[in-house]
Amino acid sequence: MQINQERLVNEFLSLVQIDSFAGEEREMADYLRRQLTKLGLDVTEDNAGKTIDGSAGNVIARMQGESDKPTIMFCAHMDRVAPGKGIKPIIENGTIKSDGTTILGADDAAGIAAILEAVRAVKEAKIPHGNLELVFTIAEEGGLFGAKALDRKQLEADFAYFLDSNDQVGAIINRAPSHQNLVFTFYGKAAHAGVSPELGINAIKIAAEAIASMNLGRLDHETTANVGVIQGGVATNIVPEVCTVKCEVRSLDPDKLKAQTEHMITTARTSAGKYGTKLDLQLTDCYSAFTIPESHPVIELAVKACKALGITPQIKGTGGGSDASILNSKNLPSVVLGLNYKDAHSTRESVAIADLVKVAELVTAIIEHA
Ligand SMILES: [Zn+2]
C-alpha cells in the first residue's frame with residue numbers, strides 16, 4: 001500500500017489547526033480548494049452557505065477516471081464543535097490529541113485527511129480508478145445543514161462513503177434511525193407565590209407530571225426517547241407561567257417512531273388537560289431512517305476493500321444521524337465508515353496514527369477495487 005504516513009499526519013495536523021465552525025468554514029474551504037486544485041481535480045463550491053448565512057458552501061471536487069467503473073463519492077464534514085478554536089495538536093506515543101484546552105477535531109479532520117491522502121496515493125501509484133467525487137460539507141454539527149442543501153442533481157455518484165464515525169476501522173454503518181424533535185410549551189398562570197398561590201397554575205408542575213408519565217430512554221432495540229432540556233419560571237416568588245420541554249425520539253422503524261411521538265404528545269396533552277391549560281407543540285423531522293442491504297455494491301465494495309487489507313468488516317447500525325442519513329433520503333445510497341477516533345466532542349478527543357493510516361488505506365483500497 002502506498003500511503004505516506006508522514007504526509008498524512010502532517011495533513012491532519014494542518015487541518016485541525018484551521019479554525020472551522022459551522023457557518024464559519026471559509027478558511028477550511030479555501031484550504032481544501034487549494035489542495036484539491038493542486039492535485040489536478042475539478043473543484044467547485046455550492047451555495048449551501050446561504051441557507052445558514054454561513055461563510056462557505058460545500059466543496060465538491062471531481063477526479064475523472066475510467067467510465068466502466070462506478071462513480072464513487074467520499075464525504076467528510078469541514079466543521080467541528082466547540083471548544084475547537086486554536087487547536088494545538090500533540091503527538092504522544094503514536095496518538096494525536098489536543099493540549100487539553102480544546103477538542104482535537106479528528107471528527108472530522110481524520111476523514112478529510114484520509115480522503116486527501118488516498119487521492120495522493122492513487123495518483124502517485126497511478127492506480128486505475130473510476131470517477132471520484134469528493135464532497136466536504138459545511139455545518140454537519142447541529143443540523144446536517146450542508147448535506148441538506150446539497151443538490152442531488154449536481155452529484156454524479158452511484159453511491160457514497162461518509163467518513164465520520166467513532167466506530168472501529170472496518171465498521172460499515174448501513175442502518176440509522178429516523179429522528180424527530182418535539183418541543184412542548186406548557187402554559188400555567190402567574191401569581192405571587194407567597195401572597196396568592198391559589199390564583200396561579202404552576203406550568204413547571206404540569207410539565208413535570210407529563211414527563212413523569214413518559215416512557216423514556218432505550219425503549220427497545222431500535223427505539224430511544226429523551227427529554228433533554230427544561231426551561232421555565234423566572235423567580236422563586238412567582239408561580240411559573242411558562243415551561244418549555246425539549247425532547248427527541250429516534251427509531252429505525254418509522255411506525256415505532258410515530259407511536260412513541262404520539263405517546264409523548266398524548267401524555268403532555270393529558271397533563272395540560274388535567275389543569276385546563278394551554279399546550280403548544282412543535283414537531284420537527286430531523287432526518288429519516290435508512291437501511292442499505294448487505295448485497296448492495298456500496299457494502300460489497302467496502303467489504304472487499306477491508307478483506308484485501310486484512311481488516312475485519314463489521315456491518316452494523318447506529319443510533320445517530322449523519323450526513324449519510326440526508327443523502328440516503330435523496331436517493332444516494334450511502335454508508336458511514338468507522339474512523340476509530342476516541343472521545344469526540346470532548347477535550348479528551350484523540351486518534352491513533354495507526355488508525356489514520358488504516359482509514360487512508362481503506363479509502364485507497366475502495367478506489368482500487370471498484
Ligand atoms: Zn462528525
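The values are calculated or read from the model by the stated rules, or taken from the named source; none is laboratory data. Note that the coordinates shown come from a computational prediction; the quantities given were computed from them, not determined experimentally. Using ideal geometry, Cβ is built from the backbone for each residue, glycine included, and neighbour counts are taken over all protein chains shown.
Working carefully through the options ALA191, ALA147, ALA171, find the one that is within 16 Å of the ligand (Cβ to nearest atom) and over 25 Å from PHE21 (Cβ atoms).
Going through ALA191, ALA147, ALA171 in turn, just one is within 16 Å of the ligand (Cβ to nearest atom) and over 25 Å from PHE21 (Cβ atoms): ALA171.
For LEU13, state whether it is buried (at least 19 other Cβ atoms within 10 Å of the Cβ) and either away from the ligand (no atom under 16 Å from the Cβ) or more than 24 Å from the chain's Cα centre (by Cα) (or both). Judged against the criteria, LEU13 is not a match. Whether a residue is within 21 Å of ILE353 (Cα to Cα), out of contact with any Gly (no Cβ under 9 Å at 6 or more places or on another chain) and surrounded by fewer than 15 Cβ atoms within 10 Å (Cβ to Cβ) was assessed, and ASP108 does not pass this test.
Within segment 43-54, residues that are without any contact (Cβ under 8 Å) to a residue 60 or more places away in the chain and under 20 Å from TYR31 (Cβ atoms) reach partners that are surrounded by fewer than 19 Cβ atoms within 10 Å (Cβ to Cβ) and β-branched (Val, Ile, Thr) with beta carbons closer than 6 Å, at six or more positions or on different chains, in the pairs VAL43/THR37.
The residues in segment 331-366 that are closer than 17 Å to ASP158 by Cα and touching a helix residue (DSSP H, G or I) at 6+ places or on another chain (Cβ under 6 Å) can be counted, and the count is 6.
Could you say which residue among ALA113, ALA76 is part of a helix (DSSP H, G or I), at pLDDT 95 or above and touching a helix residue (DSSP H, G or I) at 6+ places or on another chain (Cβ under 9 Å)?
Result of the check over ALA113, ALA76: ALA113.
The strands (runs of 3 or more DSSP E) found entirely in segment 160-221 that carry 2 or more residues being without any contact (Cβ under 8 Å) to a residue 24 or more places away in the chain are 217-220.
One residue alone among ILE96, ILE91, ILE127 is surrounded by fewer than 17 Cβ atoms within 10 Å (Cβ to Cβ) and in a strand (DSSP E or B), and that residue is ILE91.
Of the strands (runs of 3 or more DSSP E) lying entirely inside segment 266-370, those carrying at least 1 residues that are more than 19 Å from the chain's Cα centre (by Cα) are 279-287, 314-317, 350-352. If you take the residues in segment 343-352 that are away from the ligand (no atom under 13 Å from the Cβ) and crowded, with 17+ Cβ neighbours inside 10 Å, which one is nearest to ILE3 (Cα to Cα)? Among those residues, the one meeting the criterion is ALA352.
When ASP164 is tested against (1) closer than 20 Å to LEU332 by Cα; (2) surrounded by fewer than 22 Cβ atoms within 10 Å (Cβ to Cβ); (3) within 13 Å of the ligand (Cβ to nearest atom), only condition (2) is not met. Listed by first and then second residue, the pairs with beta-carbon distance under 6 Å, at least 6 apart or on different chains, first residue in segment 15-38 and modelled with pLDDT of 95 or more, second in a helix (DSSP H, G or I), are LEU15/ALA109; LEU15/ILE112; LEU15/ALA113; VAL16/ALA109; ILE18/GLU27; ILE18/MET28; ILE18/TYR31; SER20/MET28. Restricting the first member to segment 121-140 and to residues that are basic (Lys, Arg), and the second to residues that are assigned to a loop (DSSP other than H, G, I, E, B), the beta-carbon pairs closer than 9 Å and six or more apart or on different chains are LYS123/LEU39; LYS123/GLY40. Regarding segment 72-82, can at least one residue be identified that is assigned by TED's automatic domain parsing to the domain that holds ASP151, of a type in the set (Gly, Ala, Ser) and out of contact with any strand residue (DSSP E or B) (no Cβ under 8 Å at 6 or more places or on another chain)? For segment 72-82, residues assigned by TED's automatic domain parsing to the domain that holds ASP151, of a type in the set (Gly, Ala, Ser) and out of contact with any strand residue (DSSP E or B) (no Cβ under 8 Å at 6 or more places or on another chain): absent.
Taking ASP46 as the residue in question, decide whether it is within 16 Å of the ligand (Cβ to nearest atom), crowded, with 17+ Cβ neighbours inside 10 Å, in the same structural domain as ASP323 (by TED's automatic domain parsing) and of a type in the set (Asp, Glu). Considered against the rule, which asks whether it is within 16 Å of the ligand (Cβ to nearest atom), crowded, with 17+ Cβ neighbours inside 10 Å, in the same structural domain as ASP323 (by TED's automatic domain parsing) and of a type in the set (Asp, Glu), ASP46 comes out as no.
The number of residues in segment 60-88 being within 16 Å of the ligand (Cβ to nearest atom), of a type in the set (A, V, I, L, M) and crowded, with 23+ Cβ neighbours inside 10 Å comes to 3.
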